[in-house]
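Report on the structure given below.
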């Protein structure tokens, strides 16, 4: 297995497992083309139709294609050169409302904090997606290239702007480059059913994986990590949640997974004035529990929440709010649960990546210093939070929603059994977090904590110093994780 072309040891991934923060996914979407499924209708390029300076690898036929390619290129260059007023002027009204001009600079700076300084445009390609004309501008930063996805509305103005891994907007497909089901999956032992999760005004497509047989079966709700994730928690060629769903279903456990709200309703999210972790994650997890409770194939006394990363961090909060509406989970499964405030993890991850090659450059140190100032505004809260430039462009409302939240303190007030698993090679949620959980529950038999050797943040095996490049190598969630989770669930009868 090899890493993606151009991906250096210090590169950061835009999307679910952004290396610099567990919550960067909120800034990965700057706008959107609507709450619709992406369908790529690209066709092979014809060189004579493309601008001379943009030799595209794929092209879709649509009106004014060459002009829109040029406009998308101009937009990237304007952002890179700090000409935010010109970039803002190209947005349609909805985009201008969602992303004020004064925020553009912070968003671009957060991108360069993750990937290093912008260098040049490498390529472009175009497609038609759900009726929208889309230009992908492949942009080289110091540490890695990314796709800048520019979406154009009917009037030729920018209605969406996304920062994605190169070729990374393929999470809806059932077959992806490099992905294969794990050897532990027995596809004949389960079936899948499409369902809808969430409140009527925030519907989320989901998949319920049911073991063969009459049941009733224990049920597990999967809760995503950070970013606008799909139901499989796709990152690069990897699909951790599909591995978990199929692996657990092969052991007689039903699993519900669904598109995250920031993925399925990206445009509406950018328009929300008071958007926090409840709206991003907690409310929909509670709705998923409610759905499982209604299914006759599910044992209502054996329904569990499995959270990964940010989802694990919020799982105690989910349990509390679910109890308020009568669907309290019967246990919590925490994969890589942070114990520290998210702003602390942001800084530590940034420092780890800066030091990964053995030295911290002057530019990297300047970025760390700037990030530290932004984090201090979060710690101070109040007016500093409202007025300051915040880490990675995440809005003040998000940080406010986390004020005073301590997952360990909340978990200590619960009565449910808890299984917490940590990866030995996880540089995002580290031994510092694991130690805090162990210390808090050292005397409680209801909580079982284990560190799994050689596993990274995705709970996939590897060796040597961990880095974001691993997430671009096709692999599966380790069999040991499936065995630990399934044995724990089946023992709670």
Quiz item: Can you name every residue in region 442-493 that is over 18 Å from residue 240 (Cβ atoms) and crowded, with 22+ Cβ neighbours inside 10 Å?
Solution: none
Quiz prompt | Members of region 322-339 that are surrounded by fewer than 18 Cβ atoms within 10 Å (Cβ to Cβ) and within 23 Å of the chain's Cα centre (by Cα) | solution = none
Self-check item: Matching residues in region 136-158 - criterion: being in a loop (DSSP other than H, G, I, E, B) and within 16 Å of residue 95 (Cα to Cα)
Solution: 153, 154, 155, 156, 157
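Take the conditions surrounded by fewer than 21 Cβ atoms within 10 Å (Cβ to Cβ) and more than 19 Å from residue 249 (Cβ to Cβ) and apply them to residue 296. Does it pass?
Judged against the criteria, residue 296 is not a match.
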Quiz item: When you go through (1) assigned to a loop (DSSP other than H, G, I, E, B); (2) touching a helix residue (DSSP H, G or I) at 6+ places or on another chain (Cβ under 6 Å) one by one for residue 463, which number turns out not to apply?
Solution: (2)
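With the condition being crowded, with 20+ Cβ neighbours inside 10 Å, more than 18 Å from the chain's Cα centre (by Cα) and modelled with pLDDT under 95, I'd like the strands (runs of 3 or more DSSP E) fully within region 166-245 carrying at least 2 qualifying residues. Walk me through how you get there before you give the answer.
Working: elements: 190-197, 204-211, 217-223.
Qualifying strands (runs of 3 or more DSSP E): none found.
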Quiz prompt | Scope region 361-408; condition exposed (fewer than 15 other Cβ atoms within 10 Å of the Cβ), outside the structural domain of residue 270 (by TED's automatic domain parsing) and either part of a loop (DSSP other than H, G, I, E, B) or under 22 Å from the mean Cα position of the chain (by Cα) (or both); matching residues | solution = 361, 381
Exercise. Return the residue satisfying two criteria in turn: it lies in region 436-460 and is touching a residue at least 24 places away in the same chain (Cβ under 8 Å) and part of a helix (DSSP H, G or I), and of such residues it is farthest from residue 308 (Cα to Cα).
Key: 440
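The values are calculated or read from the model by the stated rules, or taken from the named source; none is laboratory data. Bear in mind the structure is a predicted one, so any value in this text is a computation, not a measurement. We place every Cβ from the backbone using ideal geometry, glycine too, and count neighbours over all the protein chains shown.
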